[in-house]
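This report concerns only the one structure given below.
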Amino acid sequence: MNFLFHLSERVNPFQSIIILSAAVLISSFFALSKSKAVKKFLIVLVSISLIIAFYLNIYSYLSMGSFSSFLIFFENIQMIEIGIIIFSAISVLYFISAYHVDDENFSKILIIFLFSVICGAFVILSKNFILMFVSISVFILSIFQLISATNSGVDKISLHVFEFFLRPVLAIILFFFGFSLLYGVTDFKDFNQILQSEYMSDALVILTLIIFGIALYLYFFLFPFQGPYMRMIKKGSFSTASVIWFFYFPVGVFTLINTGSLFLFFIERNNTFLPVLLIIITYFCMLAANIGAVKTGSVRRIMSFLFLFFMSIFLLNISMYSTGIIDRGSMDLFNLVNIFIILFSFMPLCSIFNNIEKNTGADNINNVIGLGRINIYAGINIIVIFLSWFGFLYYIEPVRAYLDRVDFLKMGAASSMVLVAMVTGFIFFSVNIFRILGKIFNRPSGGEAGKVLFTGSLYAYITFFSVITLLGIVTILLVILDIDIVFLDFKITGFNF
Amino acid sequence: MGYGNRGEEKMSFQLIIYANLLLLLIGIFGILYSKDIVSIFVSMQLIIISGVMNFLVFSQFLYQRSLWDKIFIILGVTIIYFVMFCLVYYLYLNKDELSRETLYNNFKFFKIKKSDWWGEDNI
């Protein structure tokens, strides 16, 4: 036991990564096997390794605390982020296993999948520019391999996959150029050193900031450049959306959080242009995503647009911070809450809509008409999951506090723009929610919804997320209403980074 | 690179920086303007070269030829080219007639179609 503890201490904070690497190593011995028993064994092996990695990630932080070196840093926020990635991985494993277990190359898909989880963890841990750049590049490469492997049987998908991955490739090229400029301003090797230096106001740093901003904008496929993302999700296999939504985008968000300290520096310096630019982009992204979702009848496109809306919420949080509506701690908290809302709502919804499409054979919102009446249990779960989107009610409190202390007539133009963007965005968002719920609980007209069969594993999957969502809603309500309960000694508003 | 007197050194440094900026702008223009995939890849490579030159120039003139930037260049360029190679190879393996026509004659990196946002996309 002492030996294990000593070993764990020596490899801190790489315990979870080592476990995942060991799973990759073991899986590689079975890479060529097509036997069903081996495939089942690999699914169990990967699941267990992910669960152990999840546990070790939390355990290593609690037992050994923060860690920082020349290349990496591991603090509470990194621990949470890696936990999110591993949790997403468990969910993506469910999708891959459900839709690709009969594929010849299933074992190889699992190996690439585990490899991309490891790369995602390195993106989060990285501190040094070299590791940061290498890990994000290799992560994009592994996601590309995963997507191309899971879409190998889909007809005429190659052009869409190619178009999609050209964007992140340009993003990493721009990152490379940006890092070269940062190196020119100062020979510091990480963002913290640069933030503490006197070089921050240098023109080259501002140029770097612009280049990083463009790279991240391309990476997230924000409006109006969402075309390749939409086409790939629409045309791709069932698991494509899950890989992109629960791997590609969250890791991008963590990269944004890592580089975000540079942007926040200029916001804190009362720079006028950056907040206004951010607000305009936020406004367009929120509005365009919701209108796009309203105008389409394809479920995949609706969900993709709504996902883009959630991505623009990150921009909204930064905009709110830039105009003083919320403070830094609230912004970090909102970003984290947003990630949780995304994962805990999109995972079950993705599985439900994939199942409907698989059963009815078409990607159309009209196929869900009456589903809530035919399958009442699924309908209730869908309502609970959609309720989690009302987690945005959490914004009411800081906005109210802000409006209380600010005179309406003397409110700045930027703050007014943020509030208008927020209200308009959420109105359109509500329209989308009620549109989908309206279809689900409408009287069944055709027989399409009656064809939808829910398997036991799917019921278990959506029930798990519904229960978690219900617990979350109850906790948030208790916090908002300021009700103290003994066993809830933890207060969300008191959470500090 | 030989060192002359102080004035010459400063001038060549500025010249190289301007040349790098020019390369970057040509690369960006190429990505925005080109209609075939080969030109877009070439434009991307111009940006990579511009970044590499930045590293080398800053290292040479400002930081006494440090090792850190060389490691960054080797790792960075290798990975970027590897990703690009994988993309090209994937396309080469799966390319059909329609894709070939699109890629060589009618491919815009930032093509924005109405169907990407408004209504349905019948692909």
Query - Residue list for the stretch A:53-89, restricted to those being assigned to a helix (DSSP H, G or I) and acidic (Asp, Glu) - result: A:GLU81
Report task. Please state which of the following conditions A:ILE17 fails to meet, knowing it meets all the rest: (1) among the β-branched types (Val, Ile, Thr); (2) farther than 17 Å from A:VAL123 by Cα; (3) buried (at least 17 other Cβ atoms within 10 Å of the Cβ). Result -> (2)
Query raised in the report: Would a scan of the stretch A:277-284 turn up a residue that is within 14 Å of another protein chain (Cβ to nearest Cβ), under 20 Å from A:PRO224 (Cα atoms) and either touching a residue at least 60 places away in the same chain (Cβ under 8 Å) or basic (Lys, Arg) (or both)?
Result: yes
Requested in this report: Name the residue, out of A:ILE233, A:ILE210, that is within 14 Å of chain B (Cβ to nearest Cβ), free of Cβ contacts under 8 Å to residues at least 12 places away in the same chain and not acidic (Asp, Glu).
Outcome: A:ILE210
Query raised in the report: What residue, of B:SER39, B:SER34, B:SER50, is facing chain A (nearest Cβ under 10 Å) and either touching a helix residue (DSSP H, G or I) at 6+ places or on another chain (Cβ under 8 Å) or not basic (Lys, Arg) (or both)?
Result: B:SER50
Report task. Within the stretch A:258-316, count every residue that is more than 24 Å from A:PHE386 (Cβ to Cβ) and polar (S, T, N, Q). Result -> 6
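Test A:ALA215 against the stated conditions and say whether it is more than 25 Å from A:LEU131 (Cα to Cα), buried (at least 18 other Cβ atoms within 10 Å of the Cβ), touching a residue at least 12 places away in the same chain (Cβ under 8 Å) and among the small types (Gly, Ala, Ser).
Here the answer is no, as A:ALA215 does not meet what is asked.
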Query raised in the report: Of these, A:ILE436, A:ILE468, A:ILE476, A:ILE462, which one is part of a helix (DSSP H, G or I), within 24 Å of A:ASN76 (Cα to Cα), out of contact with any Ser or Thr (no Cβ under 6 Å at 6 or more places or on another chain) and modelled with pLDDT of 85 or more?
Result: A:ILE468
Query raised in the report: Hey, among A:ASN432, A:ASN375, which residue is over 28 Å from A:TYR283 (Cβ atoms) and surrounded by 16 or more Cβ atoms within 10 Å (Cβ to Cβ)?
Result: A:ASN375
Report summary line: B:PHE110 passes all but one of the listed conditions (1) under 24 Å from A:TYR229 (Cα atoms); (2) in a helix (DSSP H, G or I); (3) within 7 Å of another protein chain (Cβ to nearest Cβ); the exception is number (2)
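Here is a yes/no grid of residues against (1) at negative phi; (2) of a type in the set (D, E, K, R); (3) crowded, with 24+ Cβ neighbours inside 10 Å:
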site: A:PHE144; (1), (2), (3): yes, no, no
site: A:GLY153; (1), (2), (3): yes, no, no
site: A:ILE157; (1), (2), (3): yes, no, no
site: A:HIS160; (1), (2), (3): yes, no, yes
site: A:GLU163; (1), (2), (3): yes, yes, no
site: A:TYR183; (1), (2), (3): yes, no, yes
Query - Criterion (at the interface with chain B (Cβ under 9 Å from one of its Cβ atoms) and either within 30 Å of B:LEU67 (Cβ to Cβ) or not in a helix (DSSP H, G or I) (or both)) met by exactly one of A:ASP187, A:ASP155 - result: A:ASP187
Query raised in the report: How many residues are farther than 14 Å from A:LEU159 by Cα and surrounded by 13 or more Cβ atoms within 10 Å (Cβ to Cβ) if we restrict to the stretch B:83-109?
Result: 2
Report summary line: Within the stretch B:77-93, residues being among the hydroxyl-bearing types (Ser, Thr, Tyr) and either touching a strand residue (DSSP E or B) at 6+ places or on another chain (Cβ under 8 Å) or within 7 Å of chain A (Cβ to nearest Cβ) (or both) number 1
Report task. Please specify each residue of the stretch A:125-151 satisfying the condition of being in a loop (DSSP other than H, G, I, E, B) and either at the interface with another protein chain (Cβ under 7 Å from one of its Cβ atoms) or closer than 25 Å to B:ILE40 by Cβ (or both). Result -> A:ASN151
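Do you know which residues across the stretch B:94-107 are facing chain A (nearest Cβ under 10 Å) and of a type in the set (D, E, K, R)?
Listed by number, the residues that qualify are B:LYS95, B:ASP96, B:ARG100.
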Query raised in the report: Can you name the condition, by its number, that A:ALA89 falls short on among (1) of a type outside the set (S, T, N, Q); (2) within 29 Å of A:SER345 (Cα to Cα); (3) over 20 Å from the mean Cα position of the chain (by Cα)?
Result: (3)
**Report entry** Residue that is nearest to the other protein chains (Cβ to nearest Cβ), among those in the stretch B:61-76 that are part of a helix (DSSP H, G or I) and closer than 11 Å to A:GLY184 by Cβ
**Finding:** B:ASP69
Query raised in the report: Considering A:PHE246, A:PHE238, which residue is touching a residue at least 12 places away in the same chain (Cβ under 8 Å) and either surrounded by fewer than 22 Cβ atoms within 10 Å (Cβ to Cβ) or touching a Pro at 6+ places or on another chain (Cβ under 7 Å) (or both)?
Result: A:PHE238
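The values are calculated or read from the model by the stated rules, or taken from the named source; none is laboratory data. This is a predicted model, so every value here is computed, not measured. A quick note on method: Cβ atoms are made from the backbone with ideal geometry, for glycine too, and the neighbour counts reach across all protein chains shown.
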